[in-house]
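The values are calculated or read from the model by the stated rules, or taken from the named source; none is laboratory data. Because the structure is a prediction, the values reported are computed rather than measured. So basically every Cβ, Gly included, is an ideal-geometry build from the backbone, and we count neighbours across all protein chains shown.
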Amino acid sequence: MPRFTNFSYLAALVSFGMHALLLVLLGGASFKLTPEPAPPDEPLVLMRIPADPAPLKQPAALIPETSANTYPSQDAPKNPPASMDAPPAPTPEEWAFAAKYTNKNSKGYRHNWGQQVRSMMGTAIEGPDQGVVRFRIEIAPDGRLAKLDTLWSTSTKAEQLARRAIESMPPLPPTPTGKPLIFEKTISFTPYANDGPPSYKDDCLPDTPAFSNPFSWDGASAQTRKEQPTTPKLDPQAMEECLRQLPKDTLEAEMARDQRLMDQWGSSKTGR
């Protein structure tokens, strides 16, 4: 029988250790690759939610302060709708002035006619009946209504009231020129608009001609540059007659006109 040397013992020990280590590694890998089955009598639960979760606490700085007036109740009284009383009818003195004022297509007569109509329409109340209507009117030389056409209207009720007032208007004075007076007039039946008396101080100034494009071309005629129309000048006699008809403007009248404009378009009290 051959005798083993120390080297043979050492080689056998190393071989035995390597086989043992290989078995341990293979056993651990197979153990990890095979999942452990769940118990059959207990269901798989991913997350448990409490039956009555506690509410989340909000930081005190983010919670708004509330009071009794923050949320008004439905029983609280509402603001009444806005309204405006009908303006007074033109006075006999105003009609006497308008019957002789021929400047600017009988400017005073046209204003008094619209004021007379609006004064007979009654109080304007905020709501679906408020609105504006525009007419084209022809007044005969003796003051009678010759023709009335509705150009447009934003309220059927406003148009009905205006036409009813026009049909029942009192007799008017003859026109200033003794000829038919044709004009357009807007009647405002709203709680925030008022047609105040006009200003007559600039009526003797000539009208500025309307601008027209000097390079417009019809495509057929020769291309030429059109001259702009110049402002016509009144002859001395016509200017004298115009100045004679102008009413005497007073400081109180100008202040009243400025106040009407401020009331209509806003003032410093409303921040506008």
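Yes or no: the range 211-233 includes at least one residue that is under 30 Å from residue 120 (Cβ atoms) and not polar (S, T, N, Q). I'd like the intermediate steps shown before the answer.
As a first pass, look at the range 211-233 and keep what is under 30 Å from residue 120 (Cβ atoms): none.
No, the range 211-233 contains no residue that is under 30 Å from residue 120 (Cβ atoms) and not polar (S, T, N, Q).
Could you please tell me which pairs satisfy a Cβ distance under 9 Å, a separation of 6+ or placement on different chains, a first residue in the range 210-238 that is closer than 30 Å to residue 104 by Cα and without any contact (Cβ under 8 Å) to a residue 60 or more places away in the chain, and a second residue that is small (Gly, Ala, Ser) and in a loop (DSSP other than H, G, I, E, B)?
Matching pairs, first to second residue: 226/212; 226/216; 228/212; 229/210; 229/212.
Out of all the residues in the range 161-183, is one or more surrounded by 12 or more Cβ atoms within 10 Å (Cβ to Cβ) and hydroxyl-bearing (Ser, Thr, Tyr)?
Yes.
Read through the list (1) modelled with pLDDT of 95 or more; (2) in contact with a Lys or Arg (Cβ under 7 Å, 6 or more places away or on another chain), then give the number of the only condition that residue 129 fails.
Failed condition: (1).
Can you run down the residue pairs with Cβ atoms below 6 Å, 6 or more apart or on separate chains, where the first is in the range 193-207 and aliphatic (A, V, I, L, M) and the partner is surrounded by 13 or more Cβ atoms within 10 Å (Cβ to Cβ)?
Once the first residue is aliphatic (A, V, I, L, M) and sits in the range 193-207, no partner that is surrounded by 13 or more Cβ atoms within 10 Å (Cβ to Cβ) comes close enough.
Applying the selection to the range 202-216, what residues are modelled with pLDDT of 85 or more and either under 22 Å from residue 239 (Cα atoms) or surrounded by 11 or more Cβ atoms within 10 Å (Cβ to Cβ) (or both)?
Within the range 202-216, 202, 203, 204, 205 meet the criteria.
Residues being surrounded by fewer than 10 Cβ atoms within 10 Å (Cβ to Cβ), modelled with pLDDT of 85 or more and outside any loop (DSSP other than H, G, I, E, B): count how many of those fall in the range 222-260.
Going through the range 222-260 one residue at a time, the tally reaches 3.
Somewhere in the range 85-99, is a residue under 30 Å from residue 201 (Cα atoms), at pLDDT below 95, part of a loop (DSSP other than H, G, I, E, B) and of a type in the set (D, E, K, R)?
Yes; the residues of the range 85-99 include at least one that is under 30 Å from residue 201 (Cα atoms), at pLDDT below 95, part of a loop (DSSP other than H, G, I, E, B) and of a type in the set (D, E, K, R).
Taking only pairs six or more apart or across chains, which ones have beta-carbon atoms under 9 Å, a first residue in the range 153-169 that is under 11 Å from residue 120 (Cα atoms), and a second residue that is assigned to a helix (DSSP H, G or I) and among the small types (Gly, Ala, Ser)?
Here the result reads 165/119, each pair linking the range 153-169 to a residue that is assigned to a helix (DSSP H, G or I) and among the small types (Gly, Ala, Ser).
Out of the range 97-128, which residues are in contact (Cβ under 8 Å) with a residue 40 or more places away in the chain, over 18 Å from residue 198 (Cβ atoms) and not hydroxyl-bearing (Ser, Thr, Tyr)?
Matches in the range 97-128: 120, 121, 124, 125, 126, 127.
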